[in-house]
Structure formats: C-alpha cells, structure tokens
1. Select from segment 47-115 those chymotrypsin sites (Phe, Trp or Tyr not before Pro) which occupy a DSSP coil region and have at most 10 other Cβ atoms within 10 Å, ordered by residue number.
2. Report the extension gain between GLU30 and ARG53 in nm, rounded to one decimal, defined as 0.36 nm multiplied by the number of residues separating them, less their alpha carbon distance.
3. Using amide H atoms built 1.01 Å from N in the peptide plane, name the residues 5+ places from THR90, or on other chains, whose amide H lies under 5 Å from its own.
4. Only loop residues by DSSP count here, and only those with at most 11 other Cβ atoms within 10 Å; note down the GluC sites (Glu not before Pro) in segment 1-88 that meet that.
5. Using a 1.4 angstrom probe with every protein chain in place, what is the largest-first accessible-area order of LEU11, LEU80?
6. SER84 label point, 7 Å along Cα→Cβ, cut-off 19 Å on backbone N: hits in segment 1-28?
7. Loop sites only, by DSSP: take the trypsin sites (Lys or Arg not before Pro) in the chain that have at most 11 other C-beta atoms within 10 Å and name the longest stretch containing none of them.
8. For the chain, which whole percent of the accessible surface, found with a 1.4 angstrom probe, sits on carbon and sulfur atoms?
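The values are calculated or read from the model by the stated rules, or taken from the named source; none is laboratory data. Note that the structure is a prediction, hence the values are computed from the model and not measured. As a convention, Cβ positions derive from the backbone with ideal geometry for all residues, glycine included, and neighbour counts pool all protein chains shown. All accessible areas refer to the heavy atoms of the entire protein, side chains included, with ligands and DNA or RNA removed. Shrake-Rupley method; radii C 1.70, N 1.55, O 1.52, S 1.80 Å.
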Amino acid sequence: QVQFVESGGGLVQAGGSLRLSCAAPPTIFEVNTMGWYRQAPGNQRELVAIISRGGSTNYGDSVKGRFTISRDNAKNTVALQMNSLKPEDTAVYYCVVNYQAVDYWGQGTQVTVSS
C-alpha cells in the first residue's frame, strides 16, 4: 500500500503564508500527477492545485495568483506555497498522488486562517 507524509498545516493570520509538503515513499517510482484538494465544512472537496510529472500545473480559480505548486521528481515530493492567505482558505487540505493510474489520498492537514 502506498503511504505518504503530509506536513505544513497550521493556524495563520490573514495575509500570512504557509507551505505544505507531501512525500511519497522513495521506493515508488514514476509517480504521475501530485497535488492538493481541500474541503471546508458543508462544502464539496475542491481542486487547489495539481502538477504533472512533466511540470504542467492546474490551479483552482480561487487560489490563482496566490498559491504555487512545485515538485521534485527525484525525491517524489510536492510542495504548495500559499501566500496572501484569506479566511476562506480555511479547510482540510488533502494531498493526492497518482501512481500507476490510481489515486492515493493523504489523511489531510488542517489550515486555519484567522481574520
């Protein structure tokens, strides 16, 4: 079973920054897309950002211009730099890793932005 580590969540004030990271096991090769979705209470899970193995990115409309996703293929890691955070960014953020055409989900990390 594929397991990976998520880190970087926490509590910040509006306008602040956080950096999330997600690491797949080093024994897992040829990881495809990686990224994050998020879910706030009462809402559906929504796209935050994803990045392909080749570096192509796709961002949710609400985070464009504020968040930046990147990856290190050699280390099987992906990072999400979140700047200019808003209270509406408050949610549980779930890392997703696609490997051999199967999506694997992390347990989620809480991001809370206070006004």
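1. none
2. So the extension gain works out to 7.5 nm.
3. The list, which skips near neighbours in sequence, is VAL113.
4. GLU30
5. Ranking LEU11, LEU80 by accessible area, largest first, yields LEU11, LEU80.
6. Inside the label zone: 12-20.
7. 1-63
8. Details: 2950 of 6240 Å².
Exposed carbon and sulfur together represent 47 percent of the surface.
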